[in-house]
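Student: I'd like to ask you about the structure that follows.
The values are calculated or read from the model by the stated rules, or taken from the named source; none is laboratory data. All values derive from a computational prediction rather than experimental measurement. With ideal geometry, Cβ positions are generated from the backbone for all residues, glycine too; neighbour counts draw on all protein chains shown. What goes into the accessible areas is simple: the full protein's heavy atoms, side chains included, and nothing from ligands, DNA or RNA. Shrake-Rupley method; radii C 1.70, N 1.55, O 1.52, S 1.80 Å.
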Amino acid sequence: MRGKVLVVHDDGISEEEFIEKNQLFLQAAKDNNISLTFKTNAEIYSFIDNNNVKCHDSYSTYNYALFFDKDAHVAKNLEMMGVKVVNSSRAIDMCENKANLYQELAKYNVNIPKTVIFPTMTRFDKTKAINFLNDAIEDLGLPIVVKGWYGDSGRNVFLVKTKQELYNLVEKYQGKELLLQEYILESSGTDIRMFVIKNKVVASYSRQGVSGDFRSNLTLGGTMSNYIPTYIDEQLAINASKVVGCDFAIVDILRSINGPVVCEVNTTANINNFYKTCNVNVPELLLKSIK
């Protein structure tokens, strides 16, 4: 019996570009007798009517929807229409909002950098903000990493070195949806990225940022190389993925003098990079695991 899968991807990338970047995925689907239908999150129209979600198209014929997008609301609507979504809307939402992510990881004793979530202010009060930031500096030290709750590819991530620089940055954003983290000097510009499927790390590589940048993102000019994780690395990544409820996850880990810590858990990334660096066909393993 031929499987039928809906693949949902971000509206910011065309179907042609998505397919071009995911040739391995297409071949894996063919090898596993799976038919793929591609849609962006913006192409899935649905509306909420009382207790039901309705749409003009029928999605009941799909075995599942494979989500390569961060639009948790679209994923939730599909689930409410009876579609099995991988990853689930809860997992997507948890990973997308970094404030919620770090709280959930800490709740289940998954090691993370020391983190302070800036309070939500109805009206930004500079004096109160400075008092709050001074407490954060006392706990985290300087420099401090400032992150937006949302964002990827290194966007909305800053390294501030002085009190005044921190005050100015928070005031610029009016304190909205920001969190502060300790700066881990020993991992500056580097991290480890691991792909987790169910309870197994199937591939991993290390990233090195450009000279002078504390971020390691490839989109900012970073490079990658094959990495063989330790048992501790693997268990940390698996636990992080499990805690947020992912069927599969891309987990970024930082090295610290106190051991590895989880920097981020992602539900989507360029999975071809694992083949280029580790010679591991992640799409093949992913489709077999959820088939």
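Student: Between the range 258-273 and the range 1-70, what is the separation of their alpha carbon centroids in Å?
Tutor: That distance is 24 Å.
Student: Less than 14 Å Cβ to Cβ from THR122, Lys/Arg counted +1 and Asp/Glu -1: what total charge do the surrounding residues give?
Tutor: On the way: positive: ARG123, LYS128, LYS176; negative: ASP125, GLU177.
With Lys, Arg at +1 and Asp, Glu at -1, the neighbours total +1.
Student: Could you name the lysines whose alpha carbon sits less than 19 Å from that of LYS39, not counting residues in the same chain fewer than 8 places away?
Tutor: Partners found: LYS4, LYS21, LYS30, LYS54, LYS70, LYS76, LYS84.
Student: Now, a different point. Roll a 1.4 Å probe over the protein chains and send me the accessible area per residue for the range 1-63 in Å².
Tutor: On a per-residue basis, 62 Å².
Student: Indicate the gyration tensor shape class of the range 1-104 (rounded, prolate or oblate), computed on the Cα atoms with a ≥ b ≥ c the square roots of the eigenvalues: a/c under 1.5 is rounded; otherwise a/b larger than b/c is prolate and the rest oblate.
Tutor: In terms of gyration-tensor shape, oblate.
Student: Show me, bin by bin at 5 Å from 0, the whole-percent P(r) of the chain based on Cα pairs.
Tutor: 1, 5, 11, 15, 17, 16, 13, 10, 7, 4, 2, 0, 0, 0
Student: Among the helices of the chain (complete DSSP H runs), which have Cα atoms covering no less than 15 Å along the helix axis and a Kyte-Doolittle mean of at least -0.5?
Tutor: 126-140, 231-243
Student: Can I ask one more? Can you list the lysines whose alpha carbon sits under 17 Å from that of LYS172, skipping same-chain ones fewer than 8 residues off?
Tutor: By straight Cα distance, LYS172 reaches LYS126, LYS128, LYS147, LYS161, LYS163.
Student: With charges set only on the Cβ (+1 for Lys and Arg, -1 for Asp and Glu), what does the dipole of the chain come to about its Cα centre, in debye to the nearest 20?
Tutor: That gives the chain a dipole magnitude of about 380 debye.
Student: HN-Hα J couplings of the range 257-267 from phi, Karplus 6.51/-1.76/1.60, θ = phi - 60°, integer Hz, Gly and Pro as x?
Tutor: So the Karplus estimates, Gly and Pro as x, are 5, 9, x, x, 10, 7, 8, 8, 10, 10, 9 Hz.
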